[in-house]
Amino acid sequence: MRIAICPGSFDPVTIGHVDIFERASTMFDELIISVFVNPGKDRAMFSMEQRVAMIEKATKHIPNVKVTCFSGLLSDFCLQNKANFIVRGLRAFSDFENEFQRALLLKKINPNLETVFMMTNAQYSCISSSGVRELVYFNGKLDGLIPKCIEKDIAAYIEAGKK
Ligand code: ADP
């Protein structure tokens, strides 16, 4: 059984992420999407539970996907889930440097782990969670950036956070 992990902050999930999930799901028997704490990104906009709930909604149509969260080492999570593959998306050359280092470090920790890179869909290359967070912060429109089915949830989470 080929099990792959798709790790990320997903704060929040975008249509660029969902495109990667859809494409990666056809390559593996099971795709586990996991929200991770990224120590390099200091402040999250949405809680881990909110991020998981939004991804679950946005991936309902993909049968071999499981969504969860983990605060620990990715290599430990892979071992626990018997996964030998990690899927990461690449949008631009600027993503490459960081992703390359991560993949090499993971390989050093566990030589059985293969990182698979998937090129972004050209129409989504400019979409990032940080861009979405900026728009949310300044009440900008999120059309065509996040899955339609989570638009209301985002608005509700932001409203609840103000109270
Ligand atoms: P992280 O904090 O781990 O970088 P992100 O949620 O920002 O988490 O991204 C998760 C993965 O999705 C990364 O591999 C990132 O390069 C990829 N990704 C983000 N946005 C897009 C997009 N628009 N198209 C393709 N891949 C993307």
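Please treat every number below as a calculation from the coordinates, not as lab data. Computed from a predicted structure; not experimentally measured. Note: ideal-geometry Cβ built from the backbone for every residue, glycine included; neighbour counts use all protein chains shown.
Assorted remarks:
- Neighbour-count ranking [beta-carbon atoms within 10 angstrom, fewest first] of Met27, Met118: Met27, Met118
- Inter-label distance, Thr68 to Gln123: 3.4 nm, where each label sits 7 Å from its Cα along the C-beta direction.
- Within a straight-line Cα-Cα reach of under 13 Å, Lys141 can be paired with the following aspartates and glutamates, leaving aside sequence neighbours fewer than 8 residues apart in one chain: Glu151.
- Region 1-147 - convex hull of the alpha-carbon atoms, volume per residue in Å³: 109
- Sparse-neighbour loop sites [trypsin sites (Lys or Arg not before Pro); region 82-122; at most 13 other C-beta within 10 Å; DSSP]: Lys82
- For region 8-111: relative contact order, % (alpha-carbon pairs under 8 angstrom, 6 or more apart): 29
- Backbone amide hydrogens, once placed in the peptide plane, bring Val37 within less than 5 Å of Phe70, Gly72, excluding anything fewer than 5 places away on its chain.
- Value at 222 nm in deg cm²/dmol, rounded to 500, when DSSP H runs of n ≥ 4 in the chain each add -39,500 (n - 2.57): -12500 deg cm²/dmol
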